[in-house]
Amino acid sequence: MNKFNIEPNELYHCFKEFQNTGCGGVYFEDKEYDGRSIHINSKKLLNMANCSYLGLEKHPFLIESAIEAIRLYGTQNSVSRSLFSSPLFIELENNLKEIFNGYPIVYGSTTLAHYAALPLLAKENDALILDAFVHNSVRTASQVCKSNGAFVIVTRHNDMEYLRYMVKRLKKEGYKKIWYCADGIYSIHGDLCNVKALNQLLDEEENFYAYVDDAHGIGWCGKNGSGYVIGNYGLHNKMIVAGSLSKSVAAAGGFLIVPDKNLADYLKLTGHTFIFSIPMPPASLGAITASLKLHLSDEIIQYQKELRDLILYFKKTCKDLSIPVETEDVTPIQLIKLGENETVLKVQKALNNEGYFTSSAIYPAVNKGEGGLRISLTRHLTNNDIDNFLSCLKRIYPAFNHELKVI
């Protein structure tokens with residue numbers, strides 16, 4: 001029998017090593033998941049890789065709403081939304097409108113939203129400028145735009161003056177519409193997009209537009225969980241914001257918020273991953289609707305405060321212990337830079353042995369030599385958890401001092 005002639009790349013070898021050491025690509029062994037801890041290889045590990053920042057995935061209201069939706073509508077409504085949609089979408093979309101004050105389009109995931117929208121927005125003779133740290137799902141979707149004739153180029157991270165120069169240069173070269181793609185909160189480094197300067201540039205430059213993925217900002221910040229971008233700056237009339245329903249919202253799926261109804265109709269009626277994909281199952285729709293109701297209530301205010309207090313405590317404790325944190329902003333993603341992939345793996349494995357499961361940022365997700373631990377902070381964690389984890393990390397540092405160069 002013929003074998004596939006596959007030559008594994010560097011990414012494969014990196015993640016294979018993580019898998020072999022129990023630091024990635026593994027299955028947790030718990031019969032019940034609580035969000036706070038997991039068992040891997042019969043060892044209990046504190047979960048510091050969880051992106052459910054508000055810790056709502058076991059909230060009774062979400063669970064009961066998901067169960068009720070299954071009772072009423074079954075396990076799946078297996079038909080394209082181009083034909084018809086479950087009535088569960090109506091309340092969901094109305095809640096999104098109330099939170100974001102724009103026109104929502106719901107997709108099976110944020111990635112599917114990118115694949116539906118970007119090829120319709122950036123066409124032949126248009127240009128797509130990608131922030132150097134924009135999420136991989138946006139980068140991948142941009143390749144569809146490229147195959148359709150759009151020009152795709154990468155710009156310096158969060159450098160609005162250089163972006164201004166690029167926009168003017170691309171205009172001189174004859175490109176019609178120019179789109180800038182960025183994250184609201186960058187998923188590896190946890191830093192914030194300079195939305196204020198971006199909005200100013202949008203006001204100044206004709207035929208210049210922004211597409212911002214705020215997946216990691218939705219829920220835990222902004223009024224009613226409206227996120228970092230819209231929650232702080234509103235929805236600019238030349239901007240589209242993408243969000244996730246799988247992180248702070250603690251359900252599944254993704255969405256776009258657009259400022260124009262005609263544009264929303266256009267994206268909904270012609271987006272390939274909207275037309276040709278099966279919709280989210282009733283359980284997910286029930287959980288989303290319940291979560292959005294929580295976000296529209298005063299209950300969310302306390303949840304957001306608790307998480308913000310935890311983030312501030314983490315950053316203060318790191319400073320007190322002289323643990324260098326790459327992330328300057330107050331977000332639930334905090335990056336501790338370590339260096340080469342091999343070093344990151346050693347530290348992560350050592351933490352694993354001590355009872356902590358973290359995620360990592362390694363090449364090619366980051367530049368070579370700039371890898372590190374990507375710490376996700378959630379309401380499942382406590383100040384005591386933070387103290388114990390950082391004390392453990394501080395204890396581990398000296399063993400790799402000659403490699404880490406951080407003390």
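The values are calculated or read from the model by the stated rules, or taken from the named source; none is laboratory data. A quick note: this is a predicted structure, and the numbers were derived from the prediction, not measured. Here the Cβ is made from the backbone with ideal geometry for all residues, glycine too, and neighbour counts use every protein chain on show. Heads up: the accessible areas ignore ligands, DNA and RNA and are worked out on the full protein's heavy atoms, side chains in. Shrake-Rupley method; radii C 1.70, N 1.55, O 1.52, S 1.80 Å.
Taking segment 7-35 as the range and being among the hydrophobic types (A, V, I, L, M, F, W, C) and under 18 Å from residue 344 (Cβ atoms) as the test, the residues that pass are 11, 14, 15, 18, 23, 26. Within the option set 148, 95, 125, being touching a Gly at 6+ places or on another chain (Cβ under 9 Å) and over 30 Å from residue 371 (Cβ atoms) holds for one residue only, 125. Residue 378 meets the conditions (1) modelled with pLDDT of 90 or more; (2) under 18 Å from residue 323 (Cα atoms) in every case but one. The failed one is (2). Residues in segment 240-261: is at least one in contact with a strand residue (DSSP E or B) (Cβ under 9 Å, 6 or more places away or on another chain), more than 30 Å from residue 80 (Cβ to Cβ), open to solvent by 20 Å² or more (accessible area, probe 1.4 Å) and at pLDDT 95 or above? No, segment 240-261 has no match at all. Residues in segment 180-214 that are acidic (Asp, Glu), open to solvent by 10 Å² or more (accessible area, probe 1.4 Å) and over 20 Å from residue 260 (Cα atoms): 191 only. Annotation note: of 361, 365, the sole residue that is within 24 Å of residue 133 (Cβ to Cβ) and open to solvent by 10 Å² or more (accessible area, probe 1.4 Å) is 365.
All of (1) open to solvent by less than 10 Å² (accessible area, probe 1.4 Å); (2) part of a strand (DSSP E or B) hold for residue 374 with one exception: (1). None of 224, 232 is surrounded by fewer than 23 Cβ atoms within 10 Å (Cβ to Cβ), without any contact (Cβ under 8 Å) to a residue 40 or more places away in the chain and among the polar types (S, T, N, Q) except 232.
So which residues in segment 1-37 are in contact (Cβ under 8 Å) with a residue 60 or more places away in the chain and within 21 Å of residue 57 (Cα to Cα), if there are any at all?
At the first step, the residues of segment 1-37 found to be in contact (Cβ under 8 Å) with a residue 60 or more places away in the chain are 10-11, 14, 17-18, 21-24, 34-36.
Scanning segment 1-37 gives 34, 35, 36.
The set of residues from segment 322-349 being surrounded by fewer than 18 Cβ atoms within 10 Å (Cβ to Cβ), under 21 Å from residue 219 (Cα atoms) and not aliphatic (A, V, I, L, M) comprises 328, 329.
Screening residue 23 against (1) in a loop (DSSP other than H, G, I, E, B); (2) open to solvent by 60 Å² or more (accessible area, probe 1.4 Å) leaves a single unmet condition, (2). The combined condition, being in contact with a Ser or Thr (Cβ under 9 Å, 6 or more places away or on another chain) and over 19 Å from residue 296 (Cα atoms), is not fulfilled by residue 260.
Does residue 30 count as acidic (Asp, Glu) and either farther than 18 Å from residue 378 by Cα or surrounded by 17 or more Cβ atoms within 10 Å (Cβ to Cβ) (or both)? Against the criterion (acidic (Asp, Glu) and either farther than 18 Å from residue 378 by Cα or surrounded by 17 or more Cβ atoms within 10 Å (Cβ to Cβ) (or both)), residue 30 qualifies. Consider only pairs whose beta carbons are under 6 Å apart and that are at least six residues apart or on different chains; among these, list those whose first residue lies in segment 41-63 and is assigned to a loop (DSSP other than H, G, I, E, B) and whose second residue is open to solvent by 40 Å² or more (accessible area, probe 1.4 Å). Taking only residues 6 or more apart or on different chains, the pairs are 51/247; 54/379; 55/379. Just one residue in the set 50, 9, 41, 5 is of a type in the set (S, T, N, Q), out of contact with any helix residue (DSSP H, G or I) (no Cβ under 7 Å at 6 or more places or on another chain) and surrounded by 12 or more Cβ atoms within 10 Å (Cβ to Cβ); that residue is 50.
Residues in segment 377-393 that are open to solvent by 30 Å² or more (accessible area, probe 1.4 Å), touching a helix residue (DSSP H, G or I) at 6+ places or on another chain (Cβ under 6 Å) and either more than 20 Å from residue 308 (Cα to Cα) or in a helix (DSSP H, G or I) (or both): 1 in all. What are the residues in segment 68-102 that are aromatic (Phe, Trp, Tyr) and in contact with a Pro (Cβ under 7 Å, 6 or more places away or on another chain), if any? Listed by number, the list holds a single entry, 73.
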